[in-house]
Amino acid sequence: MPSPTLNWGLIGASDIAKTRMIPAIRSQPDSGITAVLSSSAERGKQYADENKIPKAYHDLDAFLRDPGIDVVYISTTNELHASQAIAAAKAGKHILSDKPLALNLTDAQAMVSAANDKGVVFGTNHHLRNAVTHRTMRQLIKDGAIGKPLAARVFHAVYLPPRLQGWRLNRPEAGGGVILDITVHDADTLHFLLDDDVQDVIARSAQQGLGQGGLEDAVMGVMYFRNGTMAMFHDAFTIKHAQTGVEVHGTEGSLIAKNVMTQDPVGEVYLTKNGATSEVSLGPREDLYVHIIRHFNNAVIGKSQPFVSGQDGIRSLAVGLAVLESTKTAQRVPVRYS
Ligand code: NDP
């Protein structure tokens, strides 16, 4: 086996890296993992051992000085992404950052600008648009299969797995809460499906048993798009028995996708028009995170672009921040993208 040509370093000894990203990076013949950075030397060492990662660091500067790291994947808690990404860009590393990019727009823009200034690749880890279900729906909508989209509905209310019931529920300063966790994914998915930007939002949140310290664990609302499409969304950490889904209803037909707001390459898409419903045939069901890494690796070697750009991450954060503001003011809030 030839040795990997792209060496990834993990910033954050996280669950998502362990469960999804490490396997995805290793699935590619041109990439491997050199090191992990944790704020705790002990946890970093244990994580490295468990995941067969050669080196563990607990100092960001030392980690970024490692010439054996070409690309960093950032999956720390949300308040840390911005400073870590900016430091990584200054060190000349390519960056795949998890979402939300930051806790405010200024920081998110600074992350992307820092990468642009150094000429390194920057991507955002929104997984859903990588799914063949969503990619197929976008193409059908572009091809006019449902006419002009008038309305969308996103069902993304899930039960937060007990192993993840930590900072998302009790650390506002770390960017906890369902809006920055899940609503930003809805925004990215809808931006992608509709090829349009959200103009304004109105939303209501709640605490339904898991969120603490004022952090919402459920939200419902409406996103109004520039071309007039209205999208309703329901995101939650508290719903145990529902299926996820997304629907787009147009002047000529409807697309109904079931079980698609998920991390696995599953779900079905149905097209209803002219009084008949048929299941849409889909291409290969590539793992969503493998799709992200494959595109990112190709971007680093100049063959393509990240499938989700830094700008896309700024756009989804802008919508998430507007939704948060609306839940606090009970007002309709325009989305400020810059
Ligand atoms: P985790 O809670 O698993 O990890 C976040 C941080 O918490 C780690 O960086 C680690 O700090 C610290 N930590 C982890 N385990 C422990 C422990 N046992 N004791 C003390 N501290 C611990 O978070 P997630 O993996 O769920 O999320 C990380 C990021 O990824 C978030 O930004 C989230 O929004 C995003 N995410 C994205 C998903 C996607 O599909 N795009 C899905 C899930 C999450 P340290 O590194 O210092 O050791």
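A few comments on the model shown:
- Within region 54-71, tally of residues that are within 15 Å of the ligand (Cβ to nearest atom), crowded, with 17+ Cβ neighbours inside 10 Å and not charged (D, E, K, R): 6
- Residue identified as open to solvent by less than 60 Å² (accessible area, probe 1.4 Å), among the aliphatic types (A, V, I, L, M), touching a His at 6+ places or on another chain (Cβ under 9 Å) and within 24 Å of T133 (Cα to Cα) among V266, V260, V219, V248: V260
- Within region 258-294, the residues that satisfy the criterion of being out of contact with any strand residue (DSSP E or B) (no Cβ under 8 Å at 6 or more places or on another chain) and under 20 Å from D30 (Cβ atoms) are P284, E286, D287, L288, Y289, V290, H291, R294.
- Taken over region 164-217, residues that are in a loop (DSSP other than H, G, I, E, B) and away from the ligand (no atom under 13 Å from the Cβ) amount to 14.
- When restricted to residues that are within 16 Å of the ligand (Cβ to nearest atom) and open to solvent by less than 40 Å² (accessible area, probe 1.4 Å), region 99-131 contains 16.
- Selection within region 6-31: residues that are within 7 Å of the ligand (Cβ to nearest atom) and of a type in the set (G, A, S). The member of this set that is nearest to the chain's Cα centre (by Cα) is A17.
- The numbered conditions (1) under 29 Å from D188 (Cα atoms); (2) without any contact (Cβ under 8 Å) to a residue 12 or more places away in the chain are all true for A13 except (2).
- Looking only at residues in region 136-151 that are among the charged types (D, E, K, R) and in contact (Cβ under 8 Å) with a residue 40 or more places away in the chain, the one that is surrounded by the most Cβ atoms within 10 Å (Cβ to Cβ) is R138.
- Restricting region 42-53 to residues that are within 10 Å of the ligand (Cβ to nearest atom) and not charged (D, E, K, R), the residue that is nearest to R294 (Cα to Cα): Y47
- Those residues of region 32-41 which are within 13 Å of the ligand (Cβ to nearest atom) and open to solvent by 10 Å² or more (accessible area, probe 1.4 Å), in sequence order: L37, S39, S40, A41
- Among the conditions (1) within 21 Å of G175 (Cα to Cα); (2) within 21 Å of the chain's Cα centre (by Cα), the only one that K328 does not satisfy is (2).
- Among the residues of region 84-98, those that are away from the ligand (no atom under 11 Å from the Cβ) and not in a loop (DSSP other than H, G, I, E, B) comprise A85, I86, A87, A88, A89, K90, H94, I95.
- Only residues that are away from the ligand (no atom under 16 Å from the Cβ) and not in a loop (DSSP other than H, G, I, E, B) were counted across region 133-147, and they come to 8.
- Just one of the listed residues (S309, S281, S304) is surrounded by fewer than 19 Cβ atoms within 10 Å (Cβ to Cβ) and within 16 Å of the ligand (Cβ to nearest atom), namely S309.
The values are calculated or read from the model by the stated rules, or taken from the named source; none is laboratory data. Fair warning: this is a prediction, and the values are worked out from it, not measured in the lab. Cβ coordinates were reconstructed from backbone atoms using ideal geometry, including for glycine residues, and neighbour counts include every protein chain displayed. Accessible surface areas use protein heavy atoms only, side chains included; no ligands, DNA or RNA. Shrake-Rupley method; radii C 1.70, N 1.55, O 1.52, S 1.80 Å.
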